Amino acid sequence: KNEVEQSPQNLTAQEGEFITINCSYSVGISALHWLQQHPGGGIVSLFMLSSGKKKHGRLIATINIQEKHSSLHITASHPRDSAVYICAPETSGSRLTFGEGTQLTVNP
Amino acid sequence: NAGVTQTPKFRVLKTGQSMTLLCAQDMNHEYMYWYRQDPGMGLRLIHYSVGEGTTAKGEVPDGYNVSRLKKQNFLLGLESAAPSQTSVYFCASSYRLVQYFGPGTRLTVT
C-alpha cells in the first residue's frame, strides 16, 4: 500500500464547478504540501499546512491530522486550472513523500 | 532572480555513458533536492543536501552520485547510465519548508 493515496486519479469538470481532490497518508508528518504541475511540466507549490485550513484565491486546502487526511478544493473552476495536483506529506528533515497526482481537466 | 535552473533540458545517452546534471539556485537556500518522476509514480527523492558540503541519500539513490561544493549548485551524476534511469529529473530548493522546483531535465537512456 502506498504511503500517500490520492483520489480521484483523474477528474473532468465543467467550467464553474466546485472541485475536491482528496489525499490520505499513513506516515507521521510535520506538514503537508499541495503542488500543481502544469501541462508543460513545471511544478509550483500551492500550499503548505500543518493544521486547519488555508485559502488562496479560489483554492482552499484543509487538513485533519488525526484522520491523516487532506483535501484541496477549487471553487468556480476554470480551464486554466487544468493540471496535475500533487499531495506531498512532509516527514522529518524537510523530506516530502509524493502522491501520484490527480489529473484535472476543466472544460469550457 | 532566475529561481531554480537546470541544465540541460533534454539529453539522450547510450547505456554506459556518464553525465552530470546541474542545478543552480540564486535564492541562497540551504536545502536542495534531486527527484525523478516516472509515469504512474509520484516524484521520488534521489539525494538531498541540507547545506554546502553535505549530501544524503534519498529513496532511490542507487546509480547516482551528488555533490554540493557551492551553496548555489547541486550536481547529480550518472557514472554509467542504464535504461532504467530514463526519467524526468527535477531539482528543488527549499526555504521555510516551501520547495521551489526547477523546470526539469528529460533524460533518455537507450
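The values are calculated or read from the model by the stated rules, or taken from the named source; none is laboratory data. Note that this is a predicted model, so its numbers are computed, not measured. Glycine gets a Cβ as well: all are built from the backbone with ideal geometry, and neighbour counts include every protein chain shown.
Computed quantities for the displayed model
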| read-out | value |
| --- | --- |
| Yes/no for A:VAL44 being in contact with an Asp or Glu (Cβ under 6 Å, 6 or more places away or on another chain) and among the aliphatic types (A, V, I, L, M) | no |
| Among residues of region B:84-103, those that are at pLDDT 95 or above and either crowded, with 22+ Cβ neighbours inside 10 Å or of a type in the set (S, T, N, Q) (or both), counted | 11 |
| Residue in region A:90-98 that is out of contact with any Pro (no Cβ under 9 Å at 6 or more places or on another chain), within 14 Å of another protein chain (Cβ to nearest Cβ), free of Cβ contacts under 8 Å to residues at least 40 places away in the same chain and not charged (D, E, K, R) present | yes |
| Options B:LYS57, B:LYS71; residue that is surrounded by fewer than 14 Cβ atoms within 10 Å (Cβ to Cβ) and of a type in the set (Lys, Arg) | B:LYS57 |
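Here is a yes/no grid of residues against (1) at pLDDT below 95; (2) on the phi < 0 side of the Ramachandran plot; (3) not in a strand (DSSP E or B):
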site	(1), (2), (3)
B:GLN6	no, yes, no
B:THR15	no, yes, yes
B:THR20	no, yes, no
B:ALA24	no, yes, no
B:TYR35	no, yes, no
B:GLY40	yes, no, yes
B:VAL60	no, yes, yes
